[in-house]
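Here the structure comes first, spelled out in C-alpha cells, and everything after it is commentary.
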Amino acid sequence: MTPQDFLRRFGEVAGDEARAGFLARFFEARGEAVHSDEVGNLWVGEGTVAFAAHLDTVLAPKPLTLEEDRWWGPAVGDNSSGVAVLATAWERVPDGAVLVFTVGEEGLGNLRGARAFVHAYRPRAFVAVDGYLGNVVTRALGSVRFEVRFSGPGGHSWGDRSAPNPAWALGRLVRAVQALPCCEGASRSVARVWGGEAINAIPREVGLALDVRAVEGAMLSRSEQTVRERAMEAAQAEQVQAEITLLGRRPAGATATPELKDCAMEAALAANVAAEEGVGSTDMAAAVEAGVPAITLGVYRGGGAHTEAEWVDPASLEAGAALLRAFWRCYRERAAP
C-alpha cells in the first residue's frame, strides 16, 4: 500500500483507540505481530532502533477533501501523514527496527505514550517521525504548562466595590508573563483565560493557562520560578488566594549523535530534500529525557497545522518514505552494535 492510499483511508479516522485499531488491522493483514500497552501505544517489530509517529491529534479528523496537489482536512498532516509514511515505508518492518505509534504527544498529553515506551523498551536510538520534509530536529524544545487560579470573596460590583478582586491579580500576572524572555530561544503564551459569574459581580474566581518554552533547560527553570513567584506576589498585592497547578513538563536538551545527524542529512540528499537542523517539540523529548540518542525527521509537505484548513501535498509522502528508508540504510551501517 502506498502512503497516499493509507492516508486516504486513515486520515478521517478519529480517536486514539480507533486509529490504533486501524493500524493493528493493517499490520495484522501483512502477517506482522502487533503489540500494545496500557496507555494506548501500538508497535510492530522487535528491533532496538525505534521509529515513532504519534497517532493522537489536536483537532478531530474529518473526511478529507482531495485535490490533485493538495489534500485538506484537520490533522491530515500532523500527524496522520507521519503515521501513513511510517506505516508504509517498508513492506515489512526491517530487521533491527521497531515501528511505534504513540499517544499523548499533543496538547496536555505530556508525552505519556513516548515516555511509557522509552521507559519500558529502552531503545538504542529513537527517531520521531513528525513534521515537514526538510525539518531535522536535533534539540528538544522544553516547555512547562501551568494553570493559575486566583480566588476571593466575590460580591456586588458597587455595593462591595472595595472588596478584593482576583481579576486584578490575574492582570498583574499576565503583565509579568509578558515580560518573560522572548523570542530568541524562548517563548511565553497566555493560552486561555476564564472566570467571573456576572457583569455586575466581582468574580469569586478567575484563572489562566500558561505555556512557557525554552531551548535551554536553565532558562526554562528560571522562567518557571519567575511565574510561580509573580503569581504569589500578585495574589498578595490584591489580597486574594492563588493556586498553581502544573499541567505538563517537557525537557529541553539534545542527545543526537553524529551518526544520527549525518544519516539524516545524507538521507535528505538521497531523497532530493533540502534539510536543516532545528529545534522542536516532539516525542523525541521523551528519549532525550532518558538519555537515549534521538532525532526527529519530517516526512511531508503541507501547512495549516492544528487548524481546520490543514493540508498536505500527497506526492510529498513518497519522498518522506524514501527519506526514512535512506536514513535506515545509512544508520544501520554506521551505528551497527
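The values are calculated or read from the model by the stated rules, or taken from the named source; none is laboratory data. Just so you know, these numbers come straight off a predicted model, no measurement behind them. Every residue, glycine among them, receives a Cβ derived from its backbone with ideal geometry; neighbour counts consider all protein chains shown.
Kindly evaluate residue 95 against the criterion of being within 19 Å of residue 127 (Cα to Cα), of a type in the set (Asp, Glu) and crowded, with 22+ Cβ neighbours inside 10 Å.
Numbers: within 19 Å of residue 127 (Cα to Cα): yes; of a type in the set (Asp, Glu): yes; crowded, with 22+ Cβ neighbours inside 10 Å: no.
Judged against the criteria, residue 95 is not a match.
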Select from the range 28-72 the residues that are under 19 Å from residue 301 (Cα atoms) and of a type in the set (Gly, Ala, Ser) and list them in ascending order. 52, 53
Which numbered condition trips up residue 107, out of (1) closer than 30 Å to residue 211 by Cβ; (2) surrounded by fewer than 21 Cβ atoms within 10 Å (Cβ to Cβ); (3) at pLDDT 95 or above? (3)
Among the numbered criteria (1) over 13 Å from residue 131 (Cα atoms); (2) in contact (Cβ under 8 Å) with a residue 24 or more places away in the chain, which single criterion is violated by residue 333? (2)
Under the condition of being touching a helix residue (DSSP H, G or I) at 6+ places or on another chain (Cβ under 9 Å) and part of a loop (DSSP other than H, G, I, E, B), which residue from the range 180-208 is nearest to residue 288 (Cα to Cα)? 185
The number of residues in the range 159-183 that are in contact with an Asp or Glu (Cβ under 7 Å, 6 or more places away or on another chain) and either of a type in the set (Gly, Ala, Ser) or not assigned by TED's automatic domain parsing to the domain that holds residue 196 (or both) is 1
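Could you say whether any residue in the range 273-292 is out of contact with any Leu (no Cβ under 7 Å at 6 or more places or on another chain), of a type in the set (S, T, N, Q) and touching a residue at least 12 places away in the same chain (Cβ under 8 Å)? Show your work before the answer.
First pass over the range 273-292, keeping only residues out of contact with any Leu (no Cβ under 7 Å at 6 or more places or on another chain): 274-278, 282, 284, 287-292.
Filter again for of a type in the set (S, T, N, Q), leaving 282.
Subsequent filtering for residues that are touching a residue at least 12 places away in the same chain (Cβ under 8 Å) retains 282.
Yes, the range 273-292 has at least one match.
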Give me the residue from the range 9-34 that is in contact with a Leu (Cβ under 7 Å, 6 or more places away or on another chain) and without any contact (Cβ under 8 Å) to a residue 60 or more places away in the chain and, out of that set, nearest to residue 314 (Cα to Cα). 24
Quickly run through the range 51-75 and pick out the residues that are under 20 Å from residue 109 (Cα atoms) and not acidic (Asp, Glu). 51, 52, 53, 54, 55, 57, 58, 59, 60, 61, 74, 75
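With the requirement that a residue be touching a Lys or Arg at 6+ places or on another chain (Cβ under 8 Å) and buried (at least 19 other Cβ atoms within 10 Å of the Cβ), what does the range 31-55 give you? Show your work before the answer.
Quick first cut of the range 31-55, residues touching a Lys or Arg at 6+ places or on another chain (Cβ under 8 Å) only: 32, 39, 48-49, 55.
Answer for the range 31-55, where residues must be touching a Lys or Arg at 6+ places or on another chain (Cβ under 8 Å) and buried (at least 19 other Cβ atoms within 10 Å of the Cβ): 49, 55.
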Evaluate the following for residue 77: is it modelled with pLDDT of 95 or more, touching a strand residue (DSSP E or B) at 6+ places or on another chain (Cβ under 8 Å) and surrounded by fewer than 24 Cβ atoms within 10 Å (Cβ to Cβ)? no
